[in-house]
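To start, the structure under review is shown below, and the notes come after it.
Please treat every number below as a calculation from the coordinates, not as lab data. A quick note: this is a predicted structure, and the numbers were derived from the prediction, not measured. Because the Cβ atoms are built from the backbone with ideal geometry, glycine has one as well, and the counts that use them run over all protein chains shown.
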Amino acid sequence: MDPLLADAARRASNYLAGLPDRAVAPEPEAVLALQSLREPLPELPQPPHAVLQRLDRLGSPATTSMAGGRFFGFVIGGALPVALAANWLSTAWDQNAATYAASPGVAVLEDVALGWLLDLLDLPRGAAGAFVTGATQANLCGLAAARHAVLARAGWDVEADGLFGAPPITVVLGAEAHPTLFKALGVLGLGRNRVIRVETDGQGRMRADRLPALSGPTLVCLQAGNVNTGAFDPCTELCERAHRAGAWVHVDGAFGLWARAVPSLAHWGAGIELADSWATDAHKWLNVPYDSGLAFVRDGDALRAAMAVTAAYLPPSGAQRAPSDTTPELSRRARGVDVWAALSALGRSGVAELIERCCRHARRFARGLADAGYPVLNEVVLNQVLVSFGDATTTRRVIEALQTEGTCWAGVTEWQGRTAMRISVSSWATTDADVELSLAAMLRVAAACGAAPDSCPM
């Protein structure tokens, strides 16, 4: 065991140490070499060291450098060293984090981490929480609790009787809501298309003046951090109007919710605490390894009613928190250990500094691109930058060439009728030097692709 784990640690360290000197996207030869993995299942056992060596030889070069400092796609943070190390240790523990009785150490660590998160994000201190895979599952947990609560008020037990014959639930959300929210609605039987979409403004914020009259069982879904612009829905006004009508308010705050941990940015998230449930990702701005979604619900009884499971072989938790009562899974890994380690190492000020640093890098990208004559399409309030290099064809050509060139990686998006490059700065590993190197590459590639700044439409 010891030599094998030492070999794995050495290979992982070598991989991370080599990221600054390699292209962010994998080389075509590395991707092509993966085809050698498509072989029949071995008939006989293979030496563990040989398996690990082959995994490293074929797998490592074929990865995208998401753990490095110049990956700016999909709002993905890197893994803090302490969170990565804690992940390795908790994986060695091999705990099933379902119950306190099965793993008291993990249960207490997760309970402590949830309390710290509620304090850090300034959410209701008595809210229940769940460690899940990502924002899709976190949205599902919040919306499942909402479904339970609004139907219970109408006299319907949805967990026992399902949705057949239940009072209809109205779902209201902004026109720029994230696709994972629709996926969660579909899984819950509320329908991806059976929603009321509210008009948004030029930054993707829901327009409060366009909120329809609300009545009956209703869910209002707000956004904290538009995935393209970083903008926030006007939470205070929308929460107050929704609650006057008896509606449940859920906030999709996959990365934007973390702004509440930063004194200079917290004003963007004003009013979020008035909502009933919240979803976010720790593998975005807390920079813990995948996977690590978080759901919070003000009414813990509603979350437990939607998610709890009982069986004769499952011991009662007594006064202790029962982790499996708040998540879709029964068996799961100890995700909360990574979160506890990151929060322990960073502290309140370290979390704030990490997030503010990413936002400062985003402002530098926006300023450098705008100064060169390329229009930035959004107000850069957090870590998201949208830039156009002309028409859709030219912009896509620049993005593809940039990804191939390898200095950095940014993705393409469609934003209110415009094709744009989206830069998402989310990693603790991104330095000022990374930003300057990446910005120079963006401008160099744009010029080589014929993106003339003066011809870019505003």
Q) Can you name every residue in region 70-90 that is surrounded by fewer than 21 Cβ atoms within 10 Å (Cβ to Cβ) and over 18 Å from the mean Cα position of the chain (by Cα)? A) P81, V82, A85, W88, L89
Q) Got a number for residues in region 180-203 being under 21 Å from G134 (Cβ atoms) and of a type outside the set (A, V, I, L, M, F, W, C)? A) 5
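Kindly indicate which of P323, P375 is in contact with a Cys (Cβ under 8 Å, 6 or more places away or on another chain) and not polar (S, T, N, Q). It would help to see each step written out before you state the result.
Values: P323 fails: in contact with a Cys (Cβ under 8 Å, 6 or more places away or on another chain).
Exactly one residue qualifies, and that residue is P375.
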Q: Name the one entry in E29, E39 that is out of contact with any strand residue (DSSP E or B) (no Cβ under 9 Å at 6 or more places or on another chain) and assigned to a loop (DSSP other than H, G, I, E, B).
A: E39
**Q.** Hits in region 421-438 (condition: farther than 24 Å from N226 by Cα and among the hydrophobic types (A, V, I, L, M, F, W, C))
**A.** A433, L437
Q: With the checklist (1) closer than 29 Å to T200 by Cβ; (2) in contact with a Phe, Trp or Tyr (Cβ under 7 Å, 6 or more places away or on another chain); (3) in a helix (DSSP H, G or I) in hand, flag the one item L439 doesn't pass.
A: (1)
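Can you work out which of the residues in region 208-250 that are in a helix (DSSP H, G or I) and buried (at least 18 other Cβ atoms within 10 Å of the Cβ) is farthest from the chain's Cα centre (by Cα)? Break it down stepwise before answering.
Step one: list which residues in region 208-250 are in a helix (DSSP H, G or I), which gives 208-210, 235-244.
Remaining after also requiring buried (at least 18 other Cβ atoms within 10 Å of the Cβ): 235, 238-239, 242.
Numbers: C235: 20, L238: 23, C239: 23, A242: 26 Å.
Checking each candidate, the answer is A242.
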Q. Among (1) more than 21 Å from R298 (Cα to Cα); (2) over 17 Å from the mean Cα position of the chain (by Cα); (3) among the small types (G, A, S), where does A146 come up short?
A. (1)
**Q.** Within region 277-317, tally of residues that are without any contact (Cβ under 8 Å) to a residue 40 or more places away in the chain and either buried (at least 18 other Cβ atoms within 10 Å of the Cβ) or small (G, A, S) (or both)
**A.** 3
Q: Examine region 209-228 for a residue that is of a type in the set (G, A, S), in contact with a helix residue (DSSP H, G or I) (Cβ under 7 Å, 6 or more places away or on another chain) and under 22 Å from G246 (Cβ atoms), and state whether such a residue exists.
A: no
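E436: within 22 Å of A23 (Cα to Cα) and surrounded by fewer than 19 Cβ atoms within 10 Å (Cβ to Cβ), yes or no? Step through it out loud before you land on a result.
Values: within 22 Å of A23 (Cα to Cα): yes; surrounded by fewer than 19 Cβ atoms within 10 Å (Cβ to Cβ): yes.
Considered against the rule, which asks whether it is within 22 Å of A23 (Cα to Cα) and surrounded by fewer than 19 Cβ atoms within 10 Å (Cβ to Cβ), E436 comes out as yes.
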Q) Mind checking which residues of region 390-423 are touching a Cys at 6+ places or on another chain (Cβ under 8 Å) and over 16 Å from T64 (Cβ atoms)? A) G390, T394, R397, V398, A401
